[in-house]
Amino acid sequence: MLTRRHFIRTTTALFAASAASPLMASTWPDAAQKAAWDAEVEAGGPNPWGLHQRFLPQRIVANDGLVPGDIHVDAVARYLYHIEEGGTAMRYGVAIGRGDLYEPGTYTIKRKAEWPHWTPTRNMIEREPEVYAQYENGMEPGPRNALGSRALYLYLGERDTYLRIHGTPFPTSIGSRASSGCVRMVMAHINGLYPRVQIGATAYLYSPEGSVTAVS
């Protein structure tokens with residue numbers, strides 16, 4: 001089984017919601033609205049959320065043999081790594097699914113969306129109707145949307161798993177097990193990652209049991 005030891009060696013500082021299905025809505029934000037929302041969620045300096053320094057974006061040295069463009073998610077340290085050309089990777093802090101809702105596996109990113117709509121899955125509504133039933137007809141895009149500013153959609157073959165790597169309106173959840181299965185990122189961070197992720201890239205979500213002590 002792959003572990004984080006396969007892809008991490010050293011780090012250097014870089015200063016620079018839940019499982020959900022797409023809603024086929026008739027309204028989408030235009031470019032001006034998207035730009036205004038991006039400015040809103042990216043405002044406030046490098047760490048207005050008060051996150052621990054280790055959850056801020058950092059460029060790290062990746063082990064040999066990893067495929068540039070792929071994503072690796074460490075379920076123990078709560079890190080997402082995006083492998084770059086030249087032997088480096090960008091590391092971001094994330095939140096993952098709580099309890100047994102986190103689903104380790106190897107996925108393909110087959111869809112991307114800026115300021116997406118969001119609809120909770122039927123399982124989410126049945127599990128927590130007091131939280132999700134009010135959104136059964138979907139939530140419009142915006143800074144309070146559960147998928148936040150960007151979403152990467154994870155597939156197994158041609159099957160949409162309803163798992164996402166996405167922004168979150170709850171940035172203080174980063175570093176915890178908080179979601180209904182998805183991998184959450186600070187919206188400002190996924191905004192930076194998003195244009196560098198290509199359709200067809202592989203996302204590895206590692207099992208906590210298959211991980212080892214973090215290397216720093």
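The values are calculated or read from the model by the stated rules, or taken from the named source; none is laboratory data. Since the structure is predicted, the reported quantities are computational estimates derived from the model, not experimental observations. FYI the Cβ positions are ideal-geometry reconstructions off the backbone, even for glycines, and counts take in every protein chain you see. Quick note on the areas: whole protein, heavy atoms, side chains included, nothing else; ligands and nucleic acids left out. Shrake-Rupley method; radii C 1.70, N 1.55, O 1.52, S 1.80 Å.
Numbers below:
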read-out: Dipole axis of the range 50-204 (+1 Lys, Arg; -1 Asp, Glu on Cβ), positive-most option in W118, P195, G157; value: P195
read-out: Around R91: net Lys/Arg minus Asp/Glu count, Cβ-Cβ under 10 Å; value: +1
read-out: Cβ-based net charge around G181, under 12 Å, with every Lys or Arg adding one and every Asp or Glu removing one; value: +3
read-out: Summed residue charge, Cβ within 13 Å of P68's Cβ, Lys/Arg positive, Asp/Glu negative; value: -3
read-out: Rounded D (µm²/s) - the range 50-204, Kirkwood Rh over Cα pairs, Stokes-Einstein at 37 °C, 0.692 mPa s; value: 209
read-out: Ranked order, D70, D64, D30 - accessible area, probe 1.4 Å, largest first; value: D64, D30, D70
read-out: Between the range 51-67 and the range 116-161, the Cα center-to-center distance that results, in Å; value: 28
read-out: Accessible area in square angstrom per residue, the range 151-202, 1.4 angstrom probe; value: 34
read-out: The range 50-204: relative contact order in percent, alpha carbon pairs under 8 Å with at least 6 residues between; value: 29
read-out: Per residue value of the accessible surface for the range 32-147 (all protein chains in place, 1.4 Å probe), Å²; value: 46
read-out: Computed magnitude of the charge dipole of the range 50-204 (debye, nearest 20; Cβ of K, R +1, Cβ of D, E -1); value: 280
